[in-house]
Amino acid sequence: MLLNDKALVNLLKQAYSAEKAAAFAYQGHAGSVSSKVEKEAIKQIEIDEWNHRREVLTLMDIYQVPVSKWYEVKNYIIGKTISASCYLIGWFMPFYFAGNLESGNVCEYVRMKRLFNALNITAHDEILYEMSLKEKEHEVYFYEQIKDSKLLPFFERIFAWGVNKRKNDIDLEQGFLIENTNRYCEGFHEKKKAHETTALVTEEQF
């Protein structure tokens, strides 16, 4: 079955390659911290990202969505660059930017589920919900490590993530149930459209 939704197809391609960039980045992050507890936690998050990449590829295979060479190369470079930089930029920034990234990733899988559901495809609801939940857990972990840092307010003003600003509207303490998944991230959906339009034009060249 082919997907008649360019936004969904592109989102699958982006997510697949972005998971590789994240996994590479966490390799450097884990290597750069001295705490054994932090190192083990970050390594587990890396494993989660590889698992997500495998799950996304399964979906791509089902719907005959090809892997984007452009996204693969771009995210390889991004991931390796971030991985190396973790050894140079101190303790706070790798944790901060990891949390910022994971905050946005939550909505990617929520949106993916919504787009599948719009095509009357519900077979992947559980795995997409589980991946969005896992990304949220990652965000919470990274936030907890830096929440008391004096640098956080400054970075939040510049990069729009921190105590008061998030890139998703999910609160695990209030509950996040699979049957309510499509209610989330609506406020973050419209902000992506302009970016996706540009990305689609670029992607269609490859």
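Computed quantities for the displayed model
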quantity	calculated
Per-selection Kirkwood Rh - region 61-133 (Cα, Å, 1 d.p.)	14.7 Å
Model label zone, residue 164; criterion: amide N under 19 Å from point 7 Å along Cα-to-beta-carbon; scope region 89-117	100
Extension gain, residue 120 back to residue 179 (0.36 nm per residue minus Cα-Cα distance, nm)	19.7 nm
Unpaired by the 4.7 Å Cβ criterion, cysteines found in the chain	86
Mean separation of Cα contacts under 8 Å (6+ apart) over length of the chain, as relative contact order %	23 percent
Solvent-accessible surface ranking, highest first, for 93, 131 at 1.4 angstrom	93, 131
Subset of 13/136; 6/69; 74/165; 43/147 violating a 23 Å alpha-carbon distance limit	74/165
Percent accessible area from carbon and sulfur atoms, the chain, protein chains only, probe 1.4 Å	57 percent
Dipole magnitude of region 108-175, debye to nearest 20 (Cβ charges: Lys/Arg +1, Asp/Glu -1, about Cα centre)	360 debye
Packing-based ranking, highest mean first, of 95-108, 55-68 given that Cβ atoms within 10 Å are counted	95-108, 55-68
Length gained when the stretch residue 93-residue 35 is fully extended (0.36 nm per residue, less Cα-Cα span)	19.3 nm
Heavy atoms of residue 2 accessible to a 1.4 Å probe, total area in Å² rounded to 10	120 Å²
Accessible surface of residue 143 - all protein chains present, 1.4 Å probe, nearest 10 Å²	40 Å²
Local net charge near residue 178, Cβ-Cβ under 10 Å (Lys/Arg +1, Asp/Glu -1)	-3
Computed helical MRE - 222 nm, the chain, DSSP H runs ≥ 4 contributing -39500 (n - 2.57), nearest 500	-24500 deg cm²/dmol
Under 11 Å, Cβ to Cβ, from residue 102 - net charge with Lys/Arg +1 and Asp/Glu -1	-2
Assigned charges on the beta-carbon of Lys, Arg, Asp, Glu; the chain dipole about Cα centre (debye)	640 debye
Order of exposure, largest accessible area first, which applies to 173, 179 with probe 1.4 Å	173, 179
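The values are calculated or read from the model by the stated rules, or taken from the named source; none is laboratory data. In this text the structure is predicted, and so the values were computed from the model without any measurement. Every residue, glycine as well, gets a Cβ built from its backbone with ideal geometry; the counts of neighbours run over all protein chains shown. All accessible areas refer to the heavy atoms of the entire protein, side chains included, with ligands and DNA or RNA removed. Shrake-Rupley method; radii C 1.70, N 1.55, O 1.52, S 1.80 Å.
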